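Working notes for the structure below.
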Amino acid sequence: MQGAAVAVEGRSRASPDKADEESAKKPRLDLPDAHSVKQELVAPDAAGGGEGGAIVAYSPREELAVRIDKRLLHCPLCTLPFKPPVFQCKAGHLACGGCVAELPCGQCKACVDGAGFFDPCPALDAVVSSTRTECPNPGCKRYVTYHEVPEHQTACPHAPCRCTEPGCGYVGAPQALAGHLHTVHSVPVRAVQYGKASQLRVLVSAPRLVLLGDDDNRVFLLTVGALSAGVTAVSVVCARASAATRPRFACKMWVNLEPAKCGKEDMVLVDMHMRSSSSPGAVVAAGEPTFLMVPPMYLVPAAAAGDGAASMEVPLHIRIDKLSPWSDALV
């Protein structure tokens with residue numbers, strides 16, 4: 001059976017004295033320093049005109065785009081992608097480290113005489129470490145080591161998210177999802193500045209609001225939902241792959257109570273690590289500690305609206321902070 005081919009990129013690295021001789025026309029990929037392209041040039045004998053000794057020279061760093069059968073990058077025993085260390089027996093059979101660890105005495109089962117033992121294969125380790133393929137998520141354009149593709153793809157900031165509006169099956173990258181919600185479902189969009197509080201008046205009757213980070217266009221979706229006894233829940237999530245569970249942002253939300261309603265200043269507040277979701281805007285779940293509960297007395301009448309619960313607003317204050325310096329390129 002023919003295996004599918006995978007596009008990969010690789011390059012060789014020059015010796016230190018020629019490290020600056022790089023191509024300015026092709027994207028560069030960082031690969032292990034141990035690889036270089038060596039060429040032997042035969043120098044003619046200056047005296048007799050014959051062949052002289054070989055001169056060893058190192059060519060400048062080169063980049064290659066190749067296509068190979070991806071079965072060559074998978075362990076034949078477990079079929080998972082190879083990752084260092086890779087092992088090879090004397091007969092040439094290959095196995096990954098995990099499979100070799102489970103073999104009795106590290107013996108190769110494919111060898112007829114049973115005398116084949118697996119040894120590390122540094123050459124194939126270098127190939128496996130330097131084989132990269134482009135992330136399949138549209139908009140990412142990042143090349144990832146082949147055996148790391150599944151981990152990257154699920155945590156990639158460009159991993160597709162799903163629209164949760166009833167009857168809508170749209171799937172797209174977070175930024176595209178924000179545009180879809182705004183143009184197709186008329187969801188308002190508001191820019192927020194990291195590290196500073198923003199004041200929002202969120203209609204209870206329009207329970208969706210897209211927030212965009214001011215310096216990176218990161219997409220957050222704020223959702224308003226009803227809990228029991230007239231309590232309103234306000235939730236905010238980062239539109240990002242749900243597998244990316246490591247918190248990237250902290251969020252503080254609060255609502256102030258007007259003194260005229262109780263004779264004193266009061267507030268409800270939540271300070272939390274924001275979760276990520278590939279289906280942002282889903283119904284707020286009461287069991288999740290990632291929302292702000294707003295009692296009815298904290299709601300205010302909507303501007304230029306009549307009476308009724310649907311005309312009430314949540315006078316919300318929100319502040320979003322990055323938990324630590326990070327970059328999408330590290331994801």
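Summary of computed values
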{"item": "Selection count where residues are loosely packed, with under 15 Cβ neighbours inside 10 Å and at pLDDT 85 or above, scope region 109-120", "result": "2"}
{"item": "Residue list for region 95-108, filter: surrounded by 18 or more Cβ atoms within 10 Å (Cβ to Cβ) and under 12 Å from P120 (Cα atoms)", "result": "A95, C96, V100"}
{"item": "Which numbered condition A303 misses (of (1) at pLDDT 55 or above; (2) within 24 Å of N137 (Cβ to Cβ); (3) exposed (fewer than 13 other Cβ atoms within 10 Å of the Cβ))", "result": "(2)"}
{"item": "Residue among A176, A233 that alone is within 24 Å of A303 (Cβ to Cβ), surrounded by 17 or more Cβ atoms within 10 Å (Cβ to Cβ) and small (G, A, S)", "result": "A233"}
{"item": "Subset tally (residues that are among the β-branched types (V, I, T) and open to solvent by 60 Å² or more (accessible area, probe 1.4 Å)) for region 182-198", "result": "3"}
{"item": "Residue list for region 81-94, filter: more than 15 Å from A126 (Cα to Cα) and surrounded by 14 or more Cβ atoms within 10 Å (Cβ to Cβ)", "result": "C89, H93"}
{"item": "Some residue of region 248-263 being in contact with a Leu (Cβ under 8 Å, 6 or more places away or on another chain) and at pLDDT below 90", "result": "yes"}
{"item": "Total residues in region 85-133, condition over 36 Å from the mean Cα position of the chain (by Cα) and polar (S, T, N, Q)", "result": "1"}
{"item": "G195 closer than 16 Å to A250 by Cα and either outside any loop (DSSP other than H, G, I, E, B) or not aliphatic (A, V, I, L, M) (or both)", "result": "yes"}
{"item": "From R201, R218, R208, residue being of a type in the set (K, R) and surrounded by fewer than 17 Cβ atoms within 10 Å (Cβ to Cβ)", "result": "R201"}
{"item": "Every residue from region 266-281 that is in a strand (DSSP E or B) and either open to solvent by less than 20 Å² (accessible area, probe 1.4 Å) or under 28 Å from M297 (Cα atoms) (or both)", "result": "D266, M267, V268, L269, V270, D271, M272, H273, S277"}
{"item": "Sole exception among (1) at pLDDT 80 or above; (2) open to solvent by 20 Å² or more (accessible area, probe 1.4 Å); (3) part of a helix (DSSP H, G or I) for T154, by number", "result": "(1)"}
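Rundown of residues vs (1) part of a loop (DSSP other than H, G, I, E, B); (2) β-branched (V, I, T); (3) farther than 17 Å from P166 by Cα; (4) without any contact (Cβ under 8 Å) to a residue 24 or more places away in the chain, yes/no style:
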{"residue": "T183", "(1), (2), (3), (4)": "no, yes, no, yes"}
{"residue": "D215", "(1), (2), (3), (4)": "yes, no, yes, yes"}
{"residue": "F220", "(1), (2), (3), (4)": "no, no, yes, no"}
{"residue": "C238", "(1), (2), (3), (4)": "no, no, yes, no"}
{"residue": "N256", "(1), (2), (3), (4)": "no, no, yes, no"}
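The values are calculated or read from the model by the stated rules, or taken from the named source; none is laboratory data. For clarity, every value in this text was computed on a predicted model and none was experimentally measured. As a convention, Cβ positions derive from the backbone with ideal geometry for all residues, glycine included, and neighbour counts pool all protein chains shown. Note: areas computed on protein heavy atoms with side chains; ligands, DNA, RNA excluded. Shrake-Rupley method; radii C 1.70, N 1.55, O 1.52, S 1.80 Å.
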